[in-house]
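Inspection log for the structure reproduced underneath, given as structure tokens.
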């Protein structure tokens, strides 16, 4: 697991519009990066809409928001359009970025084991260093955790 003071792993992923986005594109700006299991599910929608609703407040604090899931680009586009999401949703189909951030792990649902995203968020400073990491975060706590830390 990543912790305060660790260098945030860089990545290159496509966003909901097919544009290549790299963590290093945001040098000089803080980042609220969060990982979510699947677009358009109730928890993921709650989380994304709370980040959307805090967009102006986060921008005022020089914080960019990025979200990563294993969803394909077309699903992300549909999700972004439906909920008017104003920040990049990144597609990590092969879950390499999720693995780098230690958020790809075994999960259990109705007694069935599988691998998937452990909902987590990270606040990253202007130089790509983790300010704070929250593993197994509640969808509704992503923004308040970041704001309290800022």
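The values are calculated or read from the model by the stated rules, or taken from the named source; none is laboratory data. Just so you know, these numbers come straight off a predicted model, no measurement behind them. Cβ: placed from backbone, ideal geometry, glycine included. Neighbour counts: every protein chain shown.
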Inset, instruction - For region 7-20, enumerate the residues that are more than 15 Å from residue 99 (Cα to Cα) and not in a strand (DSSP E or B). - result: 16, 17, 18, 19
Inset, instruction - Specify which of the listed residues (48, 98) is closer than 22 Å to residue 132 by Cα, touching a strand residue (DSSP E or B) at 6+ places or on another chain (Cβ under 6 Å) and buried (at least 21 other Cβ atoms within 10 Å of the Cβ). - result: 98
Inset, instruction - For residue 70, state whether it is touching a residue at least 60 places away in the same chain (Cβ under 8 Å) and buried (at least 18 other Cβ atoms within 10 Å of the Cβ). - result: no
Legend entry - Selected residue [part of a strand (DSSP E or B) and closer than 19 Å to residue 23 by Cα] from 113, 123: 123
Inset, instruction - Look at residue 39 and say whether it is touching a strand residue (DSSP E or B) at 6+ places or on another chain (Cβ under 9 Å), crowded, with 19+ Cβ neighbours inside 10 Å and at pLDDT 95 or above. - result: no
Legend entry - Odd one out for residue 99, checked against (1) more than 11 Å from the chain's Cα centre (by Cα); (2) closer than 16 Å to residue 66 by Cα; (3) outside any strand (DSSP E or B): (2)
Inset, instruction - Just need a number here: residues in region 85-94 that are in a loop (DSSP other than H, G, I, E, B) and buried (at least 18 other Cβ atoms within 10 Å of the Cβ). - result: 4
Legend entry - Candidate set from region 122-139 (those that are within 18 Å of residue 55 (Cβ to Cβ) and modelled with pLDDT of 95 or more); member that is surrounded by the most Cβ atoms within 10 Å (Cβ to Cβ): 124
Inset, instruction - Could you check residue 5 against (1) touching a strand residue (DSSP E or B) at 6+ places or on another chain (Cβ under 7 Å); (2) in contact (Cβ under 8 Å) with a residue 40 or more places away in the chain; (3) surrounded by 19 or more Cβ atoms within 10 Å (Cβ to Cβ) and say which number it fails? - result: (3)
Inset, instruction - Filter region 39-57 for residues that are within 24 Å of residue 102 (Cβ to Cβ) and in a helix (DSSP H, G or I) and give the result. - result: 43, 44, 46, 47, 48, 50, 51
Legend entry - Set 106, 82, 78: member being exposed (fewer than 13 other Cβ atoms within 10 Å of the Cβ) and in a helix (DSSP H, G or I): 82
Legend entry - Candidates 113, 89, 14, 93 - the one that is under 11 Å from the mean Cα position of the chain (by Cα) and over 17 Å from residue 134 (Cβ atoms): 89
Legend entry - Residue list for region 22-36, restricted to those being closer than 21 Å to residue 54 by Cα and surrounded by 12 or more Cβ atoms within 10 Å (Cβ to Cβ): 23, 26, 29, 30, 31, 32, 33, 34, 35, 36
